[in-house]
Amino acid sequence: MAFTVNEINQEQKLMPNATLGFHLYDTCLSMERLLKGSMWMLTGKQVPTPNYRCQSQPPLVAIVGDSTSTRSIPMARLLGLSRQPQVELSLYHSDLECDVAESGAISSEL
């Protein structure tokens with residue numbers, strides 16, 4: 001993801017007068033870190049205060065979700081309170097036999 005964003009920013013013809021940015025936060029597979037990181041991204045504070053945003057940076061457009069539904073669903077519920085979009089890299093549910101992305105149900109043309 002970081003490579004792609006940097007490549008887009010270097011090609012001025014794609015998005016003239018605009019620059020994409022990103023922040024990376026590793027949850028280390030911890031639900032606590034996931035929720036704290038989500039609140040940090042929403043509020044801009046290390047000790048988050050719900051419904052408060054303190055950042056001088058441009059607004060957050062979307063957050064890329066965690067790799068599994070076990071962690072991405074609670075994250076989506078938290079982000080939904082602030083109406084913050086969550087982008088999913090893959091879709092998985094324990095009732096399914098396999099990862100939807102692996103099964104080819106998601107078009108490779110997307």
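Scalar couplings 3J(HN,Hα) for the stretch 69-76, obtained by applying the Karplus form with A = 6.51, B = -1.76, C = 1.60 to θ = phi - 60°, are 5, 4, 9, 6, 5, x, 4, 5 Hz; x denotes Gly and Pro.
For the pair residue 68 and residue 13, a Förster radius of 35 Å applied to the C-beta separation gives a FRET efficiency near 0.40, rounded to the nearest 0.05. For residue 86, the residues 5 or more places off, or on other chains, whose built amide H falls under 5 Å of its own are 63. Calculated FRET efficiency, residue 87 and residue 47, Cβ-Cβ r, R0 22 Å, to nearest 0.05? FRET efficiency, residue 87 to residue 47: 0.25.
Bear in mind that the values in this text are calculations on the coordinates, not laboratory data. This one's a predicted model, so the numbers in the text were calculated from it and none came from an experiment. Cβ atoms come from the backbone with ideal geometry, glycine included; neighbour counts cover every protein chain shown.
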